[in-house]
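Worksheet for the structure shown next.
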Amino acid sequence: MLQQTGVETVIPYYERFMRSFPTLHSLAKAGSDEVLKSWEGLGYYARARNLHEACRLIVERQGGKIPEDYADLVKLPGIGAYTAGAVLSIAYEKPYSSVDGNVHRVFSRVYLNHTLSNAREEKRYTRGLAETYIQIAVRGGISPSEFNQAYMELGALVCGPDHYLCERCPIADSCRARATGLQPAHPLKETKVAVETKEMEVGIIWRRQRLLLEKRNEKALLRGFWGLPTVEVTPGSDPGQSLAFLLASHFRIDGIHLKELFREQHVFTHQRWRMRVFQAFCDSSKSEDSESSHPFSFFSPDQIPVLAIPKAFRKVLDRYAGRQLHVVAAIIKDKPGRVFVAKRNADGYFGNYWEFPGGKVEPGETEEVALAREIQEELSITVEPTRFLWRETYAYPFGQLQIAFFECEWKGGSIVLNAHQEGRWLKPDQMEPADFPPADAGFIEAYQKELGGAEIP
């Protein structure tokens with residue numbers, strides 16, 4: 001975990017991981033989804049996959065005992081010279097050097113070599129020094145474990161990348177970089193790899209209140225994780241075109257309306273994703289599961305938190321769920337005291353549910369103005385909101401919904417269903433809350449209980 005990641009960052013992840021997998025055998029027996037979920041958020045996920053596979057091989061081939069031989073150890077996935085040296089010196093007290101970034105920095109400064117022209121040469125030089133000096137230390141009675149960890153701590157606490165507390169350093173008098181004032185210049189900097197920017201389209205696709213996620217394949221970035229349907233944008237394509245093609249060809253979902261919600265970005269080590277996030281609702285998929293190498297499925301909101309989902313997609317989902325949606329609903333009554341309700345289209349969220357007509361409050365609108373506009377658009381009639389009745393707040397997977405209910409007076413026009421598949425007039429005691437979205441159901445229950453289904457006073 002400490003490879004390319006600081007101690008303070010690692011500690012909570014380490015503690016969580018060890019609670020999940022307290023022994024080598026427990027990690028070896030775990031499934032890949034479980035391992036990635038425990039590693040989620042730490043990044044550099046190849047480390048988790050390599051650790052998992054190494055433990056499996058140790059149990060299978062070594063009887064659960066970590067090899068004490070260097071050649072056997074470096075054959076395991078994810079174990080190179082640094083990790084092998086750390087394991088052998090710290091666990092088995094064998095005289096192998098372990099050169100991490102901290103150790104490299106100390107040796108590069110203390111034994112400054114002006115003849116080296118690049119970072120690669122300097123790393124080769126410091127590794128050679130470390131190998132030589134640990135042998136000298138062992139012959140002098142110093143523990144290999146103490147030698148390696150002392151240099152690691154010296155680099156971490158005293159001889160840091162951006163600070164060098166020379167007055168606290170026990171070997172300051174021998175430091176060539178200090179003597180020449182060249183501490184900031186060493187270690188030599190590696191040539192930075194340019195970060196490639198990719199334009200991506202990401203889909204938040206719902207089917208009957210379940211979210212579409214795919215298992216990323218073994219050749220893709222973030223392989224083995226669950227993620228949102230994602231496709232790199234074809235140059236020159238219309239917004240949503242590439243995603244629509246992916247949904248139709250891979251997920252067998254077509255004939256849907258993609259609505260762009262927002263844009264988000266995520267930076268990996270050598271790659272940046274600029275994501276355009278779209279939402280769509282589908283009534284059904286021709287297949288619940290793909291026959292390809294990366295299966296997909298629809299998950300209910302309560303299933304999603306336990307899935308291994310990488311930070312790039314968590315970021316999108318968190319932003320999606322954190323949206324504040326402000327809507328209004330109309331209670332339109334006829335002379336017998338019945339209320340007009342409308343049935344949602346099958347291809348939307350809560351498809352085939354009944355609801356009180358209304359819609360979203362646009363920026364700059366009052367609730368009353370928004371409601372009159374929405375009813376005109378949805379039903380082709382003119383109404384006047386006359387009385388505020390109820391306000392409900394509900395946390396849906398797609399965001400925090402605040403809905404205000406108003407009694408409305410019908411002013412003119414005939415009802416035409418422009419946004420619903422069916423309309424009906426119901427008395428309050430005929431309304432079944434389970435047939436309505438939860439936010440509407442909350443109002444119905446209060447209406448039936450507190451008002452007894454009578455005329456609104």
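Throughout, read-outs are computed from the coordinates displayed, never taken from laboratory work. On a predicted model such as this, the values are computed, not experimentally measured, just so you know. A quick note on method: Cβ atoms are made from the backbone with ideal geometry, for glycine too, and the neighbour counts reach across all protein chains shown.
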- Cβ charges +1 (Lys, Arg) and -1 (Asp, Glu), total dipole of segment 324-450, debye: 240 debye
- Antiparallel %, DSSP beta bridges [both residues in the chain], to 5: 70 percent
- Query: Given Cα pairs under 8 Å that are at least 6 residues apart, what percent is the relative contact order of the chain?
  - Reply: 10 percent
- Residue-count net charge about Leu243 - beta-carbon cut-off 11 Å; Lys, Arg +1, Asp, Glu -1: -3
- Note on the structure: In terms of the alpha carbon gyration tensor, root eigenvalues a ≥ b ≥ c, rounded if a/c is under 1.5 and otherwise prolate when a/b exceeds b/c or oblate, segment 196-320 is rounded
- Query: Summing Lys, Arg as +1 and Asp, Glu as -1, what charge do residues with Cβ under 15 Å from the Cβ of Thr180 carry, Thr180 excluded?
  - Reply: +2
- Message: For His186, His257, which order do you get if you count the other beta carbons within 10 Å of each Cβ and list the fewest first?
- Response: His257, His186
- Relative to the longest principal axis of the C-alpha atoms of the chain, give the angle of the C-alpha long axis of helix 7-20, reported between 0 and 90° and rounded to the nearest 10°. 70 degrees
- Which entry is the computed Cα Rg over 2.2 N^0.38 Å for this structure: (i) 1.14; (ii) 1.49; (iii) 1.39? (iii)
- Message: Give me the dipole magnitude in Debye, nearest 20, for segment 7-185 about the Cα centre, with unit charges on the beta carbon: positive for Lys and Arg, negative for Asp and Glu.
- Response: 260 debye
- Message: At 222 nm, what value in deg cm²/dmol follows for the chain if DSSP H runs of at least 4 each add -39500 (n - 2.57) and the sum is divided by all its residues, to the nearest 500?
- Response: -10500 deg cm²/dmol
- Task: Positive end of the charge dipole of the chain (Lys, Arg +1 and Asp, Glu -1 on Cβ, about the Cα centre): tell me which of Ser38, Ala346, Ser98 has its Cα farthest that way.
- Result: Ser98
- Note on the structure: For Leu261, the residues 5 or more places away or on another chain with a placed amide H closer than 5 Å to its own amide H are Val277, Phe278, Gln279
- Projected onto the charge dipole of the chain (+1 at Lys/Arg Cβ, -1 at Asp/Glu Cβ, origin at the Cα centre), which of Leu261, Asn148, Leu246 gives the Cα projection farthest towards the positive end? Asn148
- Degrees, to the nearest 10: 101-110 long Cα axis against longest axis of the chain: 40 degrees
- Message: Lysine pairs in segment 324-450 with Cα distance under 24 Å, only those 8 or more apart or on different chains: how many are there?
- Response: 16
- Place a +1 charge on the Cβ of each Lys and Arg in the chain and a -1 charge on the Cβ of each Asp and Glu, then give the dipole magnitude about the Cα centre in debye, rounded to the nearest 20. 1600 debye
- May I ask you to derive the relative contact order of segment 196-320, considering only C-alpha pairs under 8 Å and at least 6 residues apart, and to give it as an integer percent? 35 percent
- Charge tally in the Cβ shell below 10 Å around Trp354, where Lys, Arg are +1 and Asp, Glu are -1, Trp354 excluded: -2
- Task: Arrange the peptides 352-362, 423-433, 187-197, 202-212 so that the one whose residues have, on average, the most other Cβ atoms within 10 Å appears first.
- Result: 202-212, 352-362, 423-433, 187-197
- Note on the structure: When Arg387, Arg223 are ranked with the fewest other C-beta atoms within 10 Å first, the list becomes Arg387, Arg223
